[in-house]
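Let me begin by presenting the structure, written as C-alpha cells, before commenting on it.
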Amino acid sequence: MKSAPDRQQGVVYTSSRLVAEAGAMFSPGAVAVADGCILLAGPKADVLRAAPAGFPRMEFPGAVIVPGLVNAHVHLQIPRFTDDAGAPLPIPASFVDWILRVIAWKRVAEPASLSGNFRSAAAEALSFGTTAVGEVAGPDLSAYDGCPLRARVFAEGIGFDPAVASEVLALVGASIDRLEEISAGNPLVRPGVSPHTLYTVGERLLRSLADLAAAKRVPACLHLAESSVEMAFLSDGRGEIASRLYPAVGKDVSWFRGLGRPIPAYLADTGLLREGVLLVHNVHLARPEIDALRAGGARFVLCPRSNAAHGNGAPDVTHFVDAKIPFALGTDSLGSVADLSPWEEMRGARSLYKGKKKDSALCRELFRACTEHGAAALDLPGGILAPGAPADVTIVDDPGGDGDRFFRKLLEKTDRANVRFTVIAGRSAHGDAA
C-alpha cells in the first residue's frame, strides 16, 4: 500500500462501503480529503467524478469507511496496575480501596512515566479506530503537547473543604491557561474544566469551577452517581467515603451532613447544570433525575465496563435509548478496564438493554453514541463524514449485512484486529499507511 499523501495535496479514500454517519450509507463509497477536512463524501463514482484532478487514491477493498470513533471518557495517564511480575492486579472488592490505589499511584509515580503512560494509551486508542477522546487531565500537562488524538482535556479540581476552594481554583485556572497554550500549538487539543466528583468537590469550589467554565466558555465534566458509597455520602455524610477514604488521606469531613436536596437541584443551585455540562457514569440516578438533568442541558457519558469491573452496578441504558436521550460511551482508564476498545464498550451497553427496540436498530444507536453523539457530548467537531467536517476517519473490515443488520454485524465482529487505518485531521495515525 502506498504511503499516505500529504494532507495539503489531498487524497481520495475508496472502499466497499462508506458510513458517512449512522443514518447514511453508500456502497461502494469514498471520501475526498484536503487540508485536514472532508471535501467530498458519498457514492464512489460521484466522489471520483467531483474530486480535484491529481488527487491520488487509496483503495480499501472489502472494507468500510466510518467516522473516527469517540471515547468520551478516559484517563490516559492512569496505567494498567500490575504486580512485580507484570500481571494485572485484580480490581479491589471495595470501590474506596480502588480510589486509594489511584491516590497511592499518583503519590509515587515518576514524572517520566506519566508521558510514557499517555503515549502508550494513545497508541492503543488509535489501534481501535478512536480519533477523539474526552480526557481527564493527568498530572503531566506537557504530555498533551504532542497529543495525536483530537481531545477535550478537562483540567481537574479536587477540594471538599471550603477553606481550600480558592487555592484549588487558582490551580485549575493555571492548568486551563497551560492547556490553552498547548491548543495554540496543537489545535487537536481543547480545554475543559472538571470538578472531580460531588464527594471530592465541596459546594464553594463547585460554584467557582462552574463560574470558571462559563467564563472560559468551555465544557465542564463531572463524575456523577458512580457508586453506592458515593450516594450514601451525598445523602447523609456517612458511609465508607467518610469512614475510610477521607481518614486515609488525613482529612476530616465530619461536618458534612449531605447535600440536603436532590442532585439536579444541587447542580442547578451551584450553576453547574447548564447547557453542555458533561455527566459521566450516571449509574445511581432514578429516571426522573436523568430527565431533570437532561432538561437542564446535561449531556451524558456511560461507562458500562468500568462500572461492572468495580461492582458499581449498571447505567440505565434502556431508559437512555427508549427515552431518546443522546448519550456517549467511554472506557474510563486502563486501571479499570482491560483495554480502550469502544467496540467492547458498545457491546457492553448492548448487553444492558432490556427494552423493545430491535437488536439491530439498537446497534445502530450504539454506533451513533461512539461517533456523532460522542463528538457532540465533548463539543468537538467530527463524528460524521460530511463536507467541511474534520477528516477523522477509521477504515475497518466490512462485516457484511444491510441496513440495521450491518450495524449489528459491525458491533459483533469488529475490534482491534479489524481496524485497517486510522486518520486524524487528514493525517495517517495508525495502520498500514501510517
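Taken together, the values in this text are just the output of simple stated rules run on the coordinates, not laboratory data. As the structure is a computational prediction, the values presented were derived from the model and not from experiment. A quick note on method: Cβ atoms are made from the backbone with ideal geometry, for glycine too, and the neighbour counts reach across all protein chains shown.
Results, tabulated for the structure shown:
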read-out	value
Cα-based equivalent ellipsoid of the range 290-431: semi-axis lengths in Å, sorted from largest, via gyration tensor	24, 18, 17
Estimated distance in nm for a label pair at Asp291 and Gln9, the labels positioned 7 Å out from Cα along Cα-to-Cβ	5.7 nm
Dimensionless Rg over Rh [the range 90-152; C-alpha; Kirkwood]	1.02
Inter-centroid distance (Cα atoms) of the range 234-278 relative to the range 346-425, Å	35 Å
Longest to shortest principal axis, alpha-carbon extents of the range 64-121, angstrom	42, 29, 22
Taking the range 75-192 and dividing mean pair separation by its residue count, relative contact order in percent (alpha carbons under 8 Å, at least six apart)	24 percent
Of Lys44/Lys413; Lys106/Lys251; Lys358/Lys413; Lys44/Lys354; Lys216/Lys251; Lys106/Lys354, pairs whose Cα-Cα distance is over 28 Å	Lys44/Lys354; Lys216/Lys251; Lys106/Lys354
Radius ratio Rg over Rh of the range 54-97, counting only Cα atoms, Kirkwood formula for Rh	1.28
For the chain, built as a Gaussian network whose Cα springs stay under 10 Å, the top-fluctuating residue of Val70, Val193, Val102	Val102
Angle in degrees between helix 165-185 and the longest Cα principal axis of the chain, rounded to the nearest 10	10 degrees
Kirkwood hydrodynamic radius over Cα pairs of the range 213-318, then Stokes diffusion coefficient at 37 °C and 0.692 mPa s, in µm²/s	222 µm²/s
Long-range amide H partners of Ala63 with built H, under 5 Å	Ser16, Arg17, Asp398
Cβ-derived FRET efficiency at R0 51 Å, Thr82 paired with Ser254, nearest 0.05	0.90
Percent antiparallel among DSSP beta bridges (both partners in the chain, rounded to 5)	45 percent
Space enclosed by the convex hull of the alpha-carbon atoms of the range 9-129, per residue, Å³	176 Å³
Per-selection metrics, the range 267-311 (Cα): Rg and Dmax in Å	11.5, 33
Distant-in-sequence amide H partners of Arg299 (H built 1.01 Å from N, under 5 Å)	Gly276, Val277, Leu278, Leu279
Calculated diffusion of the range 266-370, Stokes-Einstein form, Kirkwood radius summed over Cα pairs, 10 °C and 1.306 mPa s, µm²/s	112 µm²/s
Extension gain from Glu275 to Arg217, taking 0.36 nm per residue of separation minus the Cα-Cα distance	19.8 nm
Shape parameters for the range 212-271, alpha-carbon atoms, Rg then Dmax in Å	13.7, 38
The chain: relative contact order as a whole-number percent, Cα under 8 Å and 6+ apart	21 percent
C-alpha center-to-center spacing [the range 25-99, the range 189-221] in angstrom	29 Å
Of every Cα-Cα pair in the range 137-238, the percent that sits beyond 23 Å	30 percent
Rounded tilt (10° steps) of 359-369 against the dominant C-alpha axis of the chain	80 degrees
P(r) tail fraction, the chain - alpha-carbon pairs more than 26 Å apart, %	55 percent
Distribution of pairwise C-alpha distances over the range 302-342, 10 Å bins, in %	29, 50, 20, 1
Lys357-Ser27 FRET efficiency (beta carbon distance; Förster radius 25 Å; 0.05 resolution)	0.50
